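The values are calculated or read from the model by the stated rules, or taken from the named source; none is laboratory data. Model, not experiment: these values are computed from the prediction. Glycine also receives a Cβ, built like all others from the backbone with ideal geometry; neighbour counts cover every protein chain displayed. The area values use the complete protein model at the heavy-atom level, side chains included, leaving out ligands, DNA and RNA. Shrake-Rupley method; radii C 1.70, N 1.55, O 1.52, S 1.80 Å.
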Amino acid sequence: MNDLHEGPLTPIATKQAAAPKLTAREQRRLRRRRRRRGEEILGWILVPVIVFGLYWGVTASLDFLGTSPGQLWDQLMQVKAMMEKRS
């Protein structure tokens, strides 16, 4: 039991040296890097959502009008064929 309390106590928290303050140019570079990284992450999330939303919107509007993308394509090809015959 006496061996337990023989050595000097060491402090738990030691004071660390403060990090050197960044210059304005370094701070701007860090902000720019973080912004670009954030924009990339947003891009990878938002672009598929936008593409899916556009697809869903076009499909829903064509269903509302009583047609489908295949029928619309066939009609456009008929118009193209008629235009080619006229010239």
- Task: Could you state the angle between the C-alpha long axis of helix 69-86 and the longest principal axis of the C-alpha atoms of the chain, as a value from 0 to 90 degrees rounded to the nearest 10?
- Result: 50 degrees
- For volume of the Cα convex hull per residue in Å³ the list reads (i) 290; (ii) 111; (iii) 90; the calculated value is entry (i)
- Message: So with the 1.4 Å probe, I'd like the accessible area per residue for the chain, rounded to whole Å².
- Response: 104 Å²
- Task: Choose one answer from L65, L46, L30: the residue with the largest mean-square fluctuation in a GNM of the chain with alpha-carbon springs under 10 Å.
- Result: L65
- Message: Just want the answer: with Cβ charges of +1 for Lys and Arg and -1 for Asp and Glu, which residue in T59, V49, M77 is farthest toward the dipole's positive end in the stretch 37-87?
- Response: M77
